[in-house]
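Reviewing the structure listed below.
The values are calculated or read from the model by the stated rules, or taken from the named source; none is laboratory data. All values reported here derive from a predicted model rather than from experimental measurement. Cβ coordinates were reconstructed from backbone atoms using ideal geometry, including for glycine residues, and neighbour counts include every protein chain displayed. These accessible areas exclude ligands, DNA and RNA; they are computed on the full protein's heavy atoms, side chains included. Shrake-Rupley method; radii C 1.70, N 1.55, O 1.52, S 1.80 Å.
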Amino acid sequence: MNEKPLLRVRGLTTEFATSEGAVARALEDVSFDVLPGKTVGLVGESGSGKTTTLMALMRLLPASGRITKGKVWFNDTNLLALSEHEMRDYRWKSMAIVFQGAMNALNPVMKVGDQIREAILLHDLMDRSAAEKRVRDLLEMVGIAPARRDQYPHQYSGGMRQRAMIAMALACAPDILFADEPTTALDVMIQAQILQLLKEIQKALGLAVVIVTHDLGVVAEVCDEVVVLYGGKVAEYGSVDRIYNHAQHPYTQRLLESFPDINNPSETLASIPGTPPRLTQLPPGCRFEPRCHVKINRCAEVSPPLLEVEPGHYVACILREGKEANFQ
Amino acid sequence: MARRDYLIGKMGISLLTLLFVLLLDFMLFRVLPGDPVRAVIGRNVRISADVQNSLRAQFGLDKPIFPDQFVDTLGQWARGNLGVSWSQRRPVSEILISKLWNTLLLIGLGQLFSIIFGVMLGLLAGWKRKTPFDIGALTFSLIAWATPTFWLGIILLVAGSAWFGLPTGGIVSPANIGKPLHTVLPDLIRHLILPTLTFTILYLGEYMLIMRSSILETLSEDYILTARAKGMSNFQVLMRHGLRNAMLPMVTIIALNLGFTVSGAIYIETVFSYDGLGNLVQTALVKQDYPLLQGAFLLLAVSVIVANMLADFLYTYLDPRVKAN
Ligand SMILES: Nc1ncnc2c1ncn2[C@@H]1O[C@H](COP(=O)(O)OP(=O)(O)OP(=O)(O)O)[C@@H](O)[C@H]1O
Ligand SMILES: [Mg+2]
C-alpha cells in the first residue's frame, strides 16, 4: 500500500435540510482512499449514505444537501475548495459516474451516440470526426453494435442502456469510475454480464472504481477494499480479505451472516433486527448500539472513534483495540 | 415506419373529425330560427307564395335535408362555394378571404410573441425557482391569465392612445387605405402594436405557467443529473437537455390554443375595431347572417384541425418515442 492514492476522502460530512425543517446528517466524518486501478466497494443498508457519498465526491448533491466539513483530495487538489466552474473540469474527465437505477439516465429525445459524443466535445478532447470514431469504439467496447449510435434510448433494452451509460462514462477516459448499484433493476443474467464488463474494462484501462452495492457477493468478486457504512458513518474499512475473514465490527459481522453463503446454501438467512437510526435524531453514542448484540453500557454514551486494528484495517467500535485512525 | 403509421393514424382521425364538423356546421344552421328565403327577400311581403316556393326550389330547400341537401352542400363546399352572405350580398368565401389575412396577421404576431416570451419567462422562472424573479414572473402570469380579454383591451387602448398617441382602431389610417403595402408599413405597425400587445399579454401568462412547471419537472429527471455530471454548466444543461424535453407539452397546448385564439380575436378585434374575422363573426351574429356565420365556423373548424395535425407532425420530430398506439 505504498502507492499514492488517487482520491483521498477525509472527514466528509454532509447535511440535508429536510422538509420538516430538521437537519439530516447523512454523512459524518467519512474517510477512505482510492488507489489507482483498484476497486473500492461501498456497502451498507438502504439509507446508509452510499449514494450521498458519491454525489458529494462529484459535488452534485441536490440543492437541499450541503457538504459541511471535510476534504476530498484528487491527487493534490482539494475538490471541495474549487469553484463550481473549476469543478466542472473534473467531472467526467477525472471522475465519471454510472447512476443508481440508470434506466432514465439517458436523454429520451437525443440519439445515444450524440449523448456520448457530447461529453467528449464538451471537454474539448478531440475534434468532431475523432470524437465520432471514439463513440463507435466505445460502443463496440461495451458490446453494442456501432450502427446503433443513431438510435434513441427507448430503442435499447435495459441492459443495453446500462452498457451505453458505461460507454458514456468512459468517453473522457476518466481516472475514477463511480458505479452506484450499476446492476439493480436488471435481471440476473444481465447483472452478471454488466459486472463482467466492468471488470474487463477496469483491467484493460487500469481504471479506479468505486462501486456501491447491496450485494456482498459482488464485493467479494470485484473489490480490493471495502468501506462499510452504517447510518452515515464508516463502521469498518479495510481490504476485502480482512473484511470477509476478520470482520471486527458487530454490524459487519451480522451483515456477513445475513448474506447467504454460496458454498452452503442450506444455511438460514440471519437478518439484523431493528431499524437504522433516524438521521435527524442521532443517538449520542454508537449509531449501531440499539441493534447491537454485543453492546455494553458505554456504547450508548460515547461515539466510537475509528480505530486502526491492523495496518489498513479500521473499525469504529469501542470493544476493539487499536490506535485511533490518523489518515494522511 | 412507426412514424409513418402514427401520422397516417392521426390523419385518419383528423378526417373523421373534419367530417363530423362539417355535419355539425351543416346541421347547426338548419335548426336555427329564421327562414332563408324570407331573409333574402327581406321584409317585402308582396312577393307571392309561388315565387317564394320557386326560390326555395332554386336553393334546393325543397329537397329532404338528408341525404340530398347535405351531399349537395358538401359538394358546394368542396368547390369553395360557401354560399352568399345575406347581409352583404357577396360570396361568403370572398368575404372570408378578404378578412382572413388581417386576422392571421394579428393571431400570428400575438402567438409568436406570447410563445417566445412565455417560453423564455417560464424557462428562466423555473430555473431561478423561488427567487424574486420567479415570484414576480409567476404573479404577473397569474394576473395576465385571469384578466378578461375585453377589459385588458380597453385599458391598453386608453393607455396607449393617451400616453403614446397610438391609433385606437383599424389597420391603417383612413388616408392610407388602398395604398401599396410598403408605403404604409410604419402606419400598419403603429396600428398593430396595441392589439398585438393585448394578445401577447393574454397568452403569455398561460404559456409561462405551463413552461415553468414543465421545466421544473424536466429538471428533476435523471438525465439532467447525468448532464450535470458530464461537466456542463447549469445554463448548458438547461438549453441542451432541458428545453427540448420541456417543450413537448407546450406543442400540444399551442396547437390547441391556435383554435381558441379565434374566440380571443373576436373580443380584441371588436375592441380595436380591427377589420378581421373576429369582427366579421361578431357583425354576422348581430345581423343573423347565417351563410356567413356558417362559412366562418367552417373556416375556424378546419384551421383547428389543421393546427392539430401540424402539432402531431411536429411532435414526431421533437419526441422520438411517439409510436403508433
Ligand atoms: N435530497 C435529500 N433530502 C433529504 N434527505 C436526503 C436526501 N437524499 C438523501 N437523503 C437522506 O440521506 C440518507 C442517505 O441516503 P442515500 O441515498 O445516500 O442512501 P443509500 O445508502 O444510497 O441508500 P440506497 O441503498 O437506498 O440507495 C438517507 O437517510 C436519506 O433519507
Ligand atoms: Mg443509493
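Of everything in region B:84-101, what is surrounded by 17 or more Cβ atoms within 10 Å (Cβ to Cβ) and free of Cβ contacts under 8 Å to residues at least 40 places away in the same chain? Give them in sequence order.
B:PRO91
Could you please find all residues in region A:88-115 being away from ligand 1 (no atom under 16 Å from the Cβ), surrounded by fewer than 18 Cβ atoms within 10 Å (Cβ to Cβ) and part of a helix (DSSP H, G or I)?
A:ASP89, A:ASP114
Tell me, please, whether a residue that is surrounded by fewer than 17 Cβ atoms within 10 Å (Cβ to Cβ) and in a loop (DSSP other than H, G, I, E, B) can be found in region B:66-78.
Checked region B:66-78: no residue is surrounded by fewer than 17 Cβ atoms within 10 Å (Cβ to Cβ) and in a loop (DSSP other than H, G, I, E, B).
In this structure, is A:VAL226 assigned to a strand (DSSP E or B), touching a residue at least 60 places away in the same chain (Cβ under 8 Å) and over 25 Å from A:LEU125 (Cβ atoms)?
Judged against the criteria, A:VAL226 is a match.
I'd like to check something: does region B:198-219 contain any residue that is within 11 Å of chain A (Cβ to nearest Cβ), in a loop (DSSP other than H, G, I, E, B) and over 18 Å from A:ASP114 (Cβ atoms)?
No, region B:198-219 contains no residue that is within 11 Å of chain A (Cβ to nearest Cβ), in a loop (DSSP other than H, G, I, E, B) and over 18 Å from A:ASP114 (Cβ atoms).
Can you run down the residue pairs with Cβ atoms below 7 Å, 6 or more apart or on separate chains, where the first is in region A:44-56 and within 13 Å of A:ARG278 (Cα to Cα) and the partner is more than 8 Å from ligand 2 (Cβ to nearest atom) and not aliphatic (A, V, I, L, M)?
A:GLY47/A:PRO276; A:SER48/A:TYR230; A:SER48/A:GLY231; A:SER48/A:GLY232; A:SER48/A:PRO276; A:GLY49/A:GLY232
Under the condition of being more than 16 Å from ligand 2 (Cβ to nearest atom) and either farther than 23 Å from A:PHE74 by Cα or not in a strand (DSSP E or B) (or both), which residue from region A:229-245 is most open to solvent (accessible area, probe 1.4 Å)?
This residue is A:ASN245.
What is the number of the single condition among (1) open to solvent by less than 80 Å² (accessible area, probe 1.4 Å); (2) part of a loop (DSSP other than H, G, I, E, B); (3) without any contact (Cβ under 8 Å) to a residue 24 or more places away in the chain that A:LEU319 does not meet?
Going through the list (1) open to solvent by less than 80 Å² (accessible area, probe 1.4 Å); (2) part of a loop (DSSP other than H, G, I, E, B); (3) without any contact (Cβ under 8 Å) to a residue 24 or more places away in the chain, A:LEU319 breaks only (3).
The conditions are (1) within 30 Å of B:PRO174 (Cβ to Cβ); (2) free of Cβ contacts under 8 Å to residues at least 60 places away in the same chain, and B:TYR274 fails exactly one of them. Which is it?
(2)
Just name the residue that is modelled with the highest pLDDT out of those in region A:27-44 that are crowded, with 24+ Cβ neighbours inside 10 Å and either of a type in the set (Phe, Trp, Tyr) or within 11 Å of ligand 2 (Cβ to nearest atom) (or both).
Filtering first and then ranking leaves A:LEU42.
So which of B:VAL322, B:VAL302 ends up being under 23 Å from B:ASN81 (Cα atoms) and in contact (Cβ under 8 Å) with a residue 40 or more places away in the chain?
Only one candidate passes the filter, namely B:VAL302.
If I ask for residues that are open to solvent by 40 Å² or more (accessible area, probe 1.4 Å) and of a type outside the set (Ser, Thr, Tyr), which ones from region A:17-26 would you list?
Scanning region A:17-26 gives A:ALA17, A:GLU20, A:GLY21, A:VAL23, A:ARG25.
If a residue must be surrounded by fewer than 23 Cβ atoms within 10 Å (Cβ to Cβ) and in contact (Cβ under 8 Å) with a residue 60 or more places away in the chain, how many such residues does region B:215-225 contain?
Looking only at that region, the number is 2.
Taking the conditions exactly as written (on the phi > 0 side of the Ramachandran plot and in the same structural domain as B:LEU202 (by TED's automatic domain parsing)), does B:LYS130 satisfy them or not?
Taking the combined requirement at face value, the residue satisfies it.
Among what's in region A:45-87 and is exposed (fewer than 14 other Cβ atoms within 10 Å of the Cβ) and under 21 Å from A:THR184 (Cβ atoms), pick the residue that is farthest from the other protein chains (Cβ to nearest Cβ).
Once the filter is applied, the top-ranked residue is A:SER46.
Looking at region A:247-256, is at least one residue of a type in the set (Ser, Thr, Tyr) and surrounded by fewer than 23 Cβ atoms within 10 Å (Cβ to Cβ)?
No: region A:247-256 contains no residue that is of a type in the set (Ser, Thr, Tyr) and surrounded by fewer than 23 Cβ atoms within 10 Å (Cβ to Cβ).
Suppose the filter is aliphatic (A, V, I, L, M), under 29 Å from B:ALA296 (Cα atoms), part of a helix (DSSP H, G or I) and open to solvent by 80 Å² or more (accessible area, probe 1.4 Å); does B:LEU104 pass it?
Against the criterion (aliphatic (A, V, I, L, M), under 29 Å from B:ALA296 (Cα atoms), part of a helix (DSSP H, G or I) and open to solvent by 80 Å² or more (accessible area, probe 1.4 Å)), B:LEU104 qualifies.
Check A:ALA164, A:ALA173, A:ALA192 and return the single one that is closer than 26 Å to A:GLU132 by Cβ, away from ligand 1 (no atom under 16 Å from the Cβ), of a type outside the set (Ser, Thr, Tyr) and in a helix (DSSP H, G or I).
A:ALA164
Condition (residue is more than 12 Å from chain B (Cβ to nearest Cβ) and at pLDDT 95 or above) applied to region A:91-114: is it met by at least one residue?
yes
Give region B:229-247 a look and list any residue that's open to solvent by less than 10 Å² (accessible area, probe 1.4 Å) and within 12 Å of another protein chain (Cβ to nearest Cβ), or say none.
Once the filter is applied, which keeps residues that are open to solvent by less than 10 Å² (accessible area, probe 1.4 Å) and within 12 Å of another protein chain (Cβ to nearest Cβ), region B:229-247 yields B:ALA229, B:LYS230, B:GLY231, B:MET232, B:VAL237, B:HIS241, B:GLY242, B:ALA246.
Which residue, of A:CYS223, A:CYS317, is more than 14 Å from A:GLY44 (Cα to Cα) and within 19 Å of the chain's Cα centre (by Cα)?
It is A:CYS223.
Check region A:196-208 and report whether any residue there is within 21 Å of A:PHE74 (Cβ to Cβ), within 14 Å of chain B (Cβ to nearest Cβ) and at pLDDT 90 or above.
no
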